Amino acid sequence: DAGVIQSPRHEVTEMGQEVTLRCKPISGHNSLFWYRQTMMRGLELLIYFNNNVPIDDSGMPEDRFSAKMPNASFSTLKIQPSEPRDSAVYFCASSITNTGELFFGEGSRLTVL
Amino acid sequence: TQLLEQSPQFLSIQEGENLTVYCNSSSVFSSLQWYRQEPGEGPVLLVTVVTGGEVKKLKRLTFQFGDARKDSSLHITAAQPGDTGLYLCAGEEAAGNKLTFGGGTRVLVKP
């Protein structure tokens with residue numbers, strides 16, 4: 001069975017450019033999470049969805065970040081405009097419930113120059 | 001200040017030695033999960049503990065949940081290079097709430 005699928009795996013962009021990260025959760029999972037991981041701050045929850053509805057976006061750094069889940073099999077995290085401090089590994093995870101086992105994708109490593 | 005504090009932040013040991021990683025908080029958790037993350041991959045669940053005082057064993061790994069459900073530990077016996085990775089604890093503060101991750105402990109087991 002396919003796990004959580006994220007794309008792209010790596011992205012290098014210049015400051016000011018728009019970045020879109022994509023995620024396909026595991027089929028049948030009702031909750032989807034976006035995390036950001038850096039050496040300094042560890043793994044931070046940005047936003048999570050239950051049944052495609054955003055439940056908690058308190059971790060989203062600022063208005064430059066937005067996330068959507070138009071259907072149960074797809075979500076995007078967008079950064080516009082991107083800044084060097086956004087450089088990190090962004091993980092998508094899904095679970096059957098919002099507190100059950102999290103299944104993580106392999107992450108999208110973003111570098112903003 | 002993180003809700004869940006993990007210690008130590010980094011641990012380097014020789015193959016065959018034992019190690020213990022700690023996860024502490026002032027908050028009570030209804031459940032706590034331990035994950036291991038290897039380079040270039042996402043974290044993978046090792047165990048979930050839900051009862052105060054609970055001890056779970058997974059081969060050479062022993063997990064303990066504190067009686068007051070505020071802390072947890074992970075003990076590895078006779079560590080092997082394959083145990084190398086980032087160990088993360090994640091707590092559920094109240095039933096039905098989201099998980100919060102600790103800062104992680106990076107473990108390096110040298111052959």
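Annotations
- When the Cα gyration tensor is reduced to axis lengths a ≥ b ≥ c, the ratio a/c is 1.5 or higher for the protein assembly as shown, and with a/b above b/c it is classed as prolate.
- Estimated FRET transfer efficiency when R0 is 35 angstrom, pair A:Ile55-B:Lys59 (beta carbons, to 0.05): 0.45
- Nitroxide proxy distance, nm - points 7 Å out along Cα→Cβ at B:Gln9 and A:Ser73: 4.4
- Kirkwood Rh and Cα Rg combined as Rg/Rh, chain B: 0.96
- For the protein assembly as shown, cysteines whose Cβ has no other cysteine Cβ within reach (under 4.7 Å): none
- Under 26 Å from A:Lys24, Cα to Cα: lysines that are on another chain or at least 8 residues apart: A:Lys68, A:Lys78, B:Lys98
- From phi via Karplus (6.51, -1.76, 1.60), per-residue ³J(HN,Hα) for the stretch B:65-79 in Hz, x at Gly/Pro: 9, x, 4, 8, 6, 10, 8, 8, 9, 10, 10, 10, 9, 6, 4
- Two-site FRET efficiency, B:Ser30 against A:Met15, from Cβ-Cβ distance with R₀ of 35 Å, rounded to 0.05: 0.25
- When only alpha carbons of the stretch A:1-95 are considered, Rg and Dmax amount to 12.8, 38 Å.
Coordinate-derived values only; no laboratory data. Note that the structure is predicted; figures quoted are calculated from it, not measured. In this analysis, Cβ positions are derived from the backbone assuming ideal geometry, glycine residues included, and neighbour counts consider all displayed protein chains.
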